[in-house]
Amino acid sequence: MSSQSHFIAEPKIAAIVGCPFSGGQAKPGVDRGPINLVEAGLIQQLEGLGWKVEFDGHHQFEEISANGDPPIGKLRNPRIVSRVSKAVAEAVGYHAKMGKLPVTLGGDHSLAMGTISGTLDTHPNACVVWIDAHADINTPETTESGNIHGMPMSFLLGLGEKISEYSWIQPRLQPSSLVYIGLRDVDAAEKRILKENKIKAFSMHEVDKYGIGKVVEMALDHVNPKRDRPIHLSFDVDALDPSVAPSTGTPVRGGLTFREGHYICEAIYETGLLVALDLMEVNPSLEDAASVHQTVAVGCSLVRAALGETLL
Ligand SMILES: [Mn+2]
């Protein structure tokens, strides 16, 4: 590990926040993702990179499981998603405040309402690098599915109708502090939201045109021109091509290659500015055993790359 970490205390501690939660989308099984990642040896792998790793077990959400959680407007499972994300915000915020690197394993991407809120509690100047096939920026009004994993960014930015259940989220992320890489399945309303708010996004078109190295450089130039702001990296495995990471709920062809995904993680690590990492939407119940094994292995590998593993 040659890079200095500007915001993580020595000795460097990675705090694994296991979030077996699937309420932000409709397909069962994504709540097995973090369990499989840990069972695949992720903790030992990170220790092998020189990190101290803390893992207190997977968060248990039964006590706040939905005992009747009717929709609010179009939002599905609105109360449990809110309460789970709030608990995650507190866990991530606590670890960040202690100078550790929170590594949140999802679970579905609605959890990022929590992880990013937790990061901003400790690092109010943090920027967000969001790697995804989707923009996840529908509002409670524009969503077609009602699945909240397609909306976390609108809550964090304070877009759309205010839902009192979500009043704990301080809409303090500025649109200029967010950048996307990997987009290729963006709803019409989301395209309008991105344009209206001048949010920088590098779709697969730009990855093809410029190459991943240039795209990451341009993305960081946008949100972090002086390379002095903390970075929250939120990585949805569906950003990868389904041939690379098949076991995920909403796969979209034409995605990042294995190396492009890893390059992003390596380049963010090299900045020394990473303060929080999410790895989301690994769903071990989808596809055959070989595909699940492949997806879990890629997930572990991405986390290692973001925590300093290099090819040489
Ligand atoms: Mn996502």
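The values are calculated or read from the model by the stated rules, or taken from the named source; none is laboratory data. Keep in mind that what you see is a predicted model, and the values were worked out from it rather than measured. A quick note on method: Cβ atoms are made from the backbone with ideal geometry, for glycine too, and the neighbour counts reach across all protein chains shown.
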Those residues of the stretch 107-133 that are closer than 14 Å to Leu178 by Cα, touching an Asp or Glu at 6+ places or on another chain (Cβ under 9 Å) and not small (Gly, Ala, Ser) come to a total of 5
query: Does the stretch 117-132 contain at least one residue that is closer than 20 Å to Asn197 by Cα, of a type outside the set (Ser, Thr, Tyr), within 13 Å of the ligand (Cβ to nearest atom) and over 10 Å from the mean Cα position of the chain (by Cα)?
result: no
Practice problem: Answer yes if at least one residue in the stretch 113-124 is buried (at least 21 other Cβ atoms within 10 Å of the Cβ) and in contact with a Phe, Trp or Tyr (Cβ under 7 Å, 6 or more places away or on another chain), and no otherwise. | Solution: yes
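Condition first: in contact with a helix residue (DSSP H, G or I) (Cβ under 8 Å, 6 or more places away or on another chain) and either modelled with pLDDT of 60 or more or assigned to a strand (DSSP E or B) (or both). Now tell me which residues in the stretch 55-71 satisfy that.
Phe55, His58, His59, Phe61, Asp69, Pro71
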Note on Gly99: of the conditions (1) touching a Leu at 6+ places or on another chain (Cβ under 6 Å); (2) surrounded by fewer than 20 Cβ atoms within 10 Å (Cβ to Cβ), unmet is (1)
Within the stretch 4-54, residues being aliphatic (A, V, I, L, M) and in a loop (DSSP other than H, G, I, E, B) number 5
(request) With respect to Asn138, determine if the residue is assigned to a loop (DSSP other than H, G, I, E, B), over 23 Å from Phe61 (Cβ atoms) and away from the ligand (no atom under 16 Å from the Cβ). (result) no
